[in-house]
Amino acid sequence: MNTDSARDDLESRLLAQLRREIHDDGFTTRVAAALPRATRPVDWTFPLVAAAALAGCAIATFVVPVGPAILEGLRDLAAARAFTPAAIGALAAMGALAATGAVVAADS
Amino acid sequence: MPPRSASTDAELILAAAQGGDREAFAELVRRHQSMVRSVLRRLTNGDAALADDLAQEAFLLAWRRLDTFRFEARFTTWLYRIAFNAWQSERRKTHEVLLGEDEAMPEPDAAPSGPGAEERMDLERALATLPDAERAAIAACYAADLSHVEAAEALGIPLGTVKTHILRAKERLRARLVPKKETP
């Protein structure tokens with residue numbers, strides 16, 4: 001019994017002594033004043049992936065030999081004729097590429 | 001915006017780590033300063049000034065490394081590890097810190113002798129007589145409220161070693177705190 005009570009006494013004394021609240025007394029203020037200004041690196045991932053996707057859209061639109069339909073659609077769009085089959089096709093192709101780029105960028 | 005004191009630790013950590021929110025971090029310091037300073041006072045054998053210097057150093061390091069906190073462990077475990085490392089670095093300037101079981105330890109019943117030997121020692125003084133490894137384990141489990149598993153992770157030693165340190169530390173403390181009585 002004596003051993004048990006000594007054990008309980010030690011546990012309670014350890015808990016009381018070591019968990020005793022230490023008053024702040026300006027400690028937090030001192031730490032906050034000493035905090036260095038955050039110099040966190042800029043995350044270029046999203047801008048880079050988004051720019052690459054846009055460049056891919058442009059290359060696909062102007063360079064890939066997909067026939068005259070895309071160019072014709074662009075001409076129609078430039079002439080404010082948005083509802084011709086060629087213009088709708090061009091818009092759909094660019095939209096699909098842009099959506100793909102956005103998804104890749106968001107995932108990254 | 002809700003008051004900082006109403007935010008959870010996780011919300012404050014995210015605000016400080018992702019947005020560089022100094023107020024959020026100050027609230028984290030306010031919440032955990034007592035634990036960190038208490039741990040360091042135990043580790044520094046009651047040297048409150050040194051403990052507070054190390055606590056400030058630990059919190060500044062935590063601020064710089066906050067974006068590496070992955071929520072895989074409790075924030076207190078992560079903080080304890082940083083505080084312990086700060087103390088260990090300081091300690092290494094003058095002493096070698098041994099945490100393994102091979103550390104040469106005094107016998108548990110090596111109570112001080114002399115005229116005042118039979119008097120009950122103050123717990124602070126008794127804790128100060130413990131070897132570094134045992135004091136670190138006691139501080140982790142009692143002051144920082146870590147489980148044995150968390151203490152093992154924070155101290156970088158096996159779970160069995162933590163249990164041994166706690167057991168031996170308690171034996172030493174009992175030997176120092178409870179006066180031995182002669183049995184008839």
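Data for the structure
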| item | result |
| --- | --- |
| Subset tally (residues that are outside any loop (DSSP other than H, G, I, E, B) and more than 8 Å from chain A (Cβ to nearest Cβ)) for the stretch B:42-61 | 10 |
| Failed item, numbered, when B:Y80 is tested on (1) in contact with a helix residue (DSSP H, G or I) (Cβ under 6 Å, 6 or more places away or on another chain); (2) under 19 Å from A:T28 (Cα atoms); (3) within 12 Å of another protein chain (Cβ to nearest Cβ) | (3) |
| Qualifying residue in the stretch B:62-70 (condition: in contact (Cβ under 8 Å) with a residue 60 or more places away in the chain, in a helix (DSSP H, G or I), out of contact with any strand residue (DSSP E or B) (no Cβ under 7 Å at 6 or more places or on another chain) and more than 16 Å from A:R30 (Cβ to Cβ)) | no |
| Sole residue being within 8 Å of chain A (Cβ to nearest Cβ), out of contact with any Asp or Glu (no Cβ under 7 Å at 6 or more places or on another chain) and among the aliphatic types (A, V, I, L, M), chosen from B:V39, B:V29 | B:V29 |
| Condition check for B:R65: modelled with pLDDT of 90 or more, within 23 Å of A:D43 (Cβ to Cβ) and among the charged types (D, E, K, R) | yes |
| Failed item, numbered, when B:H95 is tested on (1) at pLDDT 85 or above; (2) more than 14 Å from every other protein chain (Cβ to nearest Cβ) | (1) |
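The values are calculated or read from the model by the stated rules, or taken from the named source; none is laboratory data. Model, not experiment: these values are computed from the prediction. Every residue, glycine among them, receives a Cβ derived from its backbone with ideal geometry; neighbour counts consider all protein chains shown.
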